[in-house]
Structures are given as C-alpha cells and as structure tokens.
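Q: Dropping the structure in here first, questions after.
Values quoted throughout were computed directly from the atomic coordinates according to the rules given, and no laboratory measurement underlies them. What you see is a predicted model, and the numbers here were worked out from it, not measured in a lab. Note that we place each Cβ from the backbone using ideal geometry, even for glycine, and neighbour counts take in every protein chain shown.
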Amino acid sequence: MTDDRLFIVEFPEEAGASLYWWVVEDASVIQHGHGPDPLSEAGFSIDPSLPEPTTIIALAASTVTHVRWHALEQKLTDKQRTAAAIAEAQQASLDQDQLHICALPLEGDQVATVAIDPAKLSQGLVHLQSLGIDPDIVTPAGWLIPAGEDQAVVADFGFDILVRGERWISPDEPALRAHIPGADQAVRLSNPDLENTLGLLNPDQVLNLRAGHFVKKTKRDALPPIQKKMVTAMIAALLVISLLIPIIPLSKYHFAASDADAAALSAARSVLGPEAQLRTAATQLDQRLIAESRGNAIFTVPASAIFAVLQKHPNVSLGSIEYQSNGVILASLSAVRNEDIDPVLTGLQELGFLITAKARQDATGTSLADVTVRAP
C-alpha cells in the first residue's frame, strides 16, 4: 500500500489498441475505463511538479510474460541471489538470447524472475510514450493477485484472464488448466476484490521490467536558488584556481630566469669589465673570441689541415666532422680501401698534428676511419 497516486494502465501488445486503465488515490480505485487515449479519458494530469507524486504502472499480460520462482541459498546477498536467479531463468528458457529478465528478492531463500521479449517491451513502451505515458513500472498483471498455498485464483483484468497459484502464473486456457495442479479448482476474483487489490498495490514490492537497458530516464529537478548560488560560487572558485595553476610555475620560471641572467651578467663583467650590459654581453664576447681566433665562428687550424690534405687525395671522403671543447677534432673518413686513407693520415702527421685512427667497415664494405686530430 502506498500514499502516492497511482495511474495503472494496460501494457499494449499492439499499436492503436484500446487500453484498460485505473486511477488509484488513498488506496482506492476512483476511476477506471477502457479506450485508445487513457489520460484524456481519465482527465488525468501526470505533472511531476504537482505536490502529490504520481506513480505510473503498466500491467503486462500473462501471455507475454513468464514468471518463475527460484529457491537459492540464504547466505547469499540480495545482489548475488538476484544474479543467480536471472542466470537460472536464462538457462531454463528456450530462447536465452532474446529475453529481458528482471528479478526481485523475496522472503527467505526465494527470488522471483520475470522474462519478456525485449522487442515487445520496447514496442509497448514506445506506444505508451506516444500517448504521453512513460511508466515507472512494468509488471506482470498476475503478480498483483494474492494466492494461498492451496488455492488458485482466477482474475479478469479485461485485457488478460489469468490463473494465479502460490508459485505460478498462467493464462486461463482450458488446455493449460488440465496440466496445472489445482488450476481446475481455482476461485474467481470478483471485480470489487480486483479493484481492492489494485488499491493495495505497493510499487516497491513488484517485479519491474523497467531495469537495465529499459530503465526509465528521469529528469533532474531544477536547483533551488541557494544551491544555484553555491554552484556558481564553486564554479568561480574553480575558475580562479585554474588560472592560478599556470601562473604559479610561470612566476617560478620568471624568478629562476632573473637569477640566471644575474649570474650570466656577473660572469660577463668578469671578462668584459663592469660596464658590460646583459643585452650586449653575448655579442661582445663573440667578437672578442673572433679577435683571438677562438669560438664557434672560427674554422680551427686542425680542421683546415684536414680539408687541405683531403684536396690532395680525391679518393678519400669526409663523412663527418665534430669540434670538441678541448680543441680536438673528430672526423670520419671513408674510401674504397684502407690504403687510400693512409696517405691522408700521413699527411696530417707530416704537418705536425697529433692523430689517432680506428679503422672499420660499413655494411657495404666501404673502408672507414674514425680520426682524432689535435694541434701540436
């Protein structure tokens, strides 16, 4: 039993069908009818802003749903029992891959499951939504009917006549009654008793097919003014923090660069004098190195000697040349034979340079020599 208003409607099996519907308030059915547009016929408004909430429940016929009861170990948690019951229901079904199954833990070790063709569930929801009805719950109609241990009950919802036993629900078909123990002795539920059953319906204790992929999407309510102010303040604080994050390391880089500039200027003044300025110190140092035949802008004497000797031996090529800070030149020479490289090394020695050489070959068989050349 619930204090909410209930709008109960038949779950459609085909488009355009007339649907049975009931309106429940204060645990009593106050309206019921049958037609293609239930909301208009009931004069019922489903407005989430109303002070009294409305729960919309769609009842699926026993011909399109299959309810099972499962006995599982009580030491399992509800989630574990639910998962185990769904797996058991899938294994017991002939079309395991084409079923949407939901479960509800019951008292003791019992779990109930309901299965439906997902295509039928999807089509029925689309039809209801086209009528402005988006049910919170889709449940088997037979689940609402109370049943004793030894007495089956027949209920006529208008769109579905079913038989409910203690742990089974079946369409009321003569061919089926003959095979279900106790079904032939079923007692028919009167219309007043059926309406009383609908009035006592508790939405929290029903099997609900609106789960998983078919769960109802809820709209979030607008935030009250106080929460809006809090959210605005939080966004502003995050914006300030996001701006401060890059500013702090930039400030550190600025101070570090200032310290480096001061150290560089101090070193430059030790060479150029106290009048040296940071903006012109680098240029002045380069000019001084050039004047003293030093620095990167000077083609050093050992390098000049290598090129001079190579001009006399056209069969030898210079692969690479590298300048070391200690004045040593590293060069890579290549030729067809090692004998072609030897005259180049001898020529450098005759000019008075100190050399070392290491012979090797590349993958093509070309002879190579890694040479170091140092001024005497």
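Q: How far, in nm, would the chain grow between residue 243 and residue 150 when pulled straight, counting 0.36 nm per residue and subtracting the alpha carbon separation?
A: Contour length minus the Cα-Cα distance gives 26.1 nm.
Q: Can you pull the percent of Cα pairs in the chain with separation above 28 Å?
A: Looking at the chain, the distances longer than 28 Å represent 68 percent of pairs.
Q: So for the pair residue 227, residue 27, with labels modelled 7 Å out along Cα→Cβ, what separation do we get in nm?
A: Using points 7 Å along Cα→Cβ, the separation is 3.2 nm.
Q: Ok, one more. If you take every residue apart from residue 154 with its C-beta less than 13 Å away from the C-beta of residue 154, what net charge results, scoring Lys and Arg +1 and Asp and Glu -1?
A: Summing Lys/Arg as +1 and Asp/Glu as -1 gives -3.
Q: Here is a follow-up. Mind jotting down a quarter of the surface of the convex hull over the alpha carbons of the stretch 301-374, in square nanometres, one decimal?
A: Averaged projected hull area, Cα only: 4.5 nm².
Q: Have a look at the DSSP beta bridges in the chain and tell me what percent are antiparallel, nearest 5.
A: Of those bridges, close to 80 percent are antiparallel.
Q: Ranked from highest to lowest mean number of other Cβ atoms within 10 Å per residue, what is the order of the peptides 30-41, 129-140, 251-262?
A: Put in order of decreasing packing, that is 129-140, 30-41, 251-262.
Q: Another question about this same structure. Assuming R0 = 22 Å, what is the FRET efficiency of residue 336 and residue 304, from their Cβ-Cβ distance, to the nearest 0.05?
A: 0.30
Q: How long are the three semi-axes of the equivalent ellipsoid of the stretch 225-291, in whole Å, if each is the root of 5 times an eigenvalue of the C-alpha gyration tensor, listed from largest down?
A: 51, 9, 7
Q: Between residue 321 and residue 354, what length in nm is gained on full extension when 0.36 nm per residue of separation is reduced by their alpha carbon distance?
A: Working it through step by step, the gained length comes to 10.2 nm.
Q: Assuming R0 = 41 Å, can you tell me the calculated FRET efficiency for the pair residue 190 and residue 75, based on Cβ-Cβ distance, to the nearest 0.05?
A: Rounded to the nearest 0.05, the efficiency is 0.45.
Q: Go through 235-247, 185-197 and give me the packing order, highest mean Cβ count within 10 Å leading.
A: Packing order, densest peptide first, comes out as 185-197, 235-247.
Q: Taking every DSSP beta bridge that has both residues in the stretch 129-195, what percent is antiparallel when rounded to the nearest 5?
A: The antiparallel proportion sits near 80 percent.
Q: In the structure shown, do any of 79/217; 120/217; 75/216; 312/358 have a Cα-Cα gap over 24 Å, and if so which?
A: 75/216
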